[in-house]
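The values are calculated or read from the model by the stated rules, or taken from the named source; none is laboratory data. For clarity, every value in this text was computed on a predicted model and none was experimentally measured. Cβ sites come from the backbone with ideal geometry, for glycine too, and all protein chains shown count toward neighbours. Remember, those area values only see protein heavy atoms, side chains included, never the ligands or the DNA or RNA. Shrake-Rupley method; radii C 1.70, N 1.55, O 1.52, S 1.80 Å.
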Amino acid sequence: MLKAMKAIIVYESIHHGNTEKVARAIAEALGADLKKASKVEAKELTKYDLIGFGSGIYYGRHHKNIFDLLKHLPYQKGRKVFIFSTSGIRKLPLINNFNKPLEKKLKEKGFEIAGIFDCRGWDTYPFIVKPFGGVSKGRPNSKDIEDAKEFAERVKKHFFEKQL
Ligand SMILES: Cc1cc2nc3c(=O)[nH]c(=O)nc-3n(C[C@H](O)[C@H](O)[C@H](O)COP(=O)(O)O)c2cc1C
């Protein structure tokens, strides 16, 4: 018999709440708990089968609170995890793959990465773009949210296939 999946989404969303919209959609699709990284204790995470870490991208990487939380986690030995983010600028694999630092840290901790999702998020941070309404205005949009839900379904499928 397949074991039920206990999942949690751990996120930070400090700029416009962009990533929170994505986090809520993924949590709903997975039936997962949802918590900010600053409000989670590392030891709490060990009771989950699947953990999703996500945030906006700030200076080329995920939010510091996620990295700080990981520092307090023991070695995870194959525990399933996925990553998500929103960013002002599109990811360019060889130039600005902003998932790399978090991916590396998770692998060092023994996690198995079951998927990565990123989409654009409204960005008014660079003062030069602010008077023009910022970049990636209107994102994440309804298509991004649908894509996030589809991503969650693929992660769920991956999780149960690995159990068979
Ligand atoms: C301090 C700061 C630094 C940022 N650095 C980057 C960056 O390096 N690359 C990028 O594409 N977007 C960058 N952004 C834009 C955010 O990643 C984008 O707006 C994201 O959707 C914010 O998510 P949030 O609303 O969930 O915080 C930055 C935004 C802020 C406020």
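Worth a mention:
- Number of residues in region 93-113 that are within 14 Å of the chain's Cα centre (by Cα), among the aliphatic types (A, V, I, L, M) and open to solvent by 20 Å² or more (accessible area, probe 1.4 Å): the value is 1.
- Given (1) within 14 Å of the ligand (Cβ to nearest atom); (2) under 13 Å from the mean Cα position of the chain (by Cα); (3) under 21 Å from A152 (Cβ atoms), number of the condition A27 does not satisfy: (1)
- Qualifying residue in region 129-146 (condition: modelled with pLDDT of 95 or more, under 24 Å from F159 (Cα atoms) and not in a helix (DSSP H, G or I)): no
- For region 59-110, the set of residues classified as closer than 26 Å to Y125 by Cβ, touching a Phe, Trp or Tyr at 6+ places or on another chain (Cβ under 8 Å) and β-branched (V, I, T) consists of I66, I83, listed by residue number.
- Top-ranked residue in region 123-162 [being within 16 Å of the ligand (Cβ to nearest atom), β-branched (V, I, T) and more than 11 Å from A25 (Cα to Cα); ranked as surrounded by the fewest Cβ atoms within 10 Å (Cβ to Cβ)]: I128
- Test result for G88, touching a Ser or Thr at 6+ places or on another chain (Cβ under 8 Å) and closer than 24 Å to A25 by Cβ: yes
- Take the conditions (1) aliphatic (A, V, I, L, M); (2) in contact with a helix residue (DSSP H, G or I) (Cβ under 8 Å, 6 or more places away or on another chain); (3) within 15 Å of the ligand (Cβ to nearest atom); L92 misses just one of them, which is (2).
- Within region 20-36, the set of residues being part of a loop (DSSP other than H, G, I, E, B) and surrounded by fewer than 19 Cβ atoms within 10 Å (Cβ to Cβ) comprises just one member, G31.
- Test: residue in region 62-72 that is open to solvent by less than 50 Å² (accessible area, probe 1.4 Å) and within 11 Å of the ligand (Cβ to nearest atom): yes
- Matching residues in region 37-51 - criterion: being under 14 Å from the mean Cα position of the chain (by Cα) and either within 14 Å of the ligand (Cβ to nearest atom) or open to solvent by 10 Å² or more (accessible area, probe 1.4 Å) (or both): A37
- H15 meets all of the listed conditions (1) open to solvent by less than 70 Å² (accessible area, probe 1.4 Å); (2) within 12 Å of the ligand (Cβ to nearest atom); (3) farther than 17 Å from E150 by Cα; (4) not basic (K, R) but one, namely (1).
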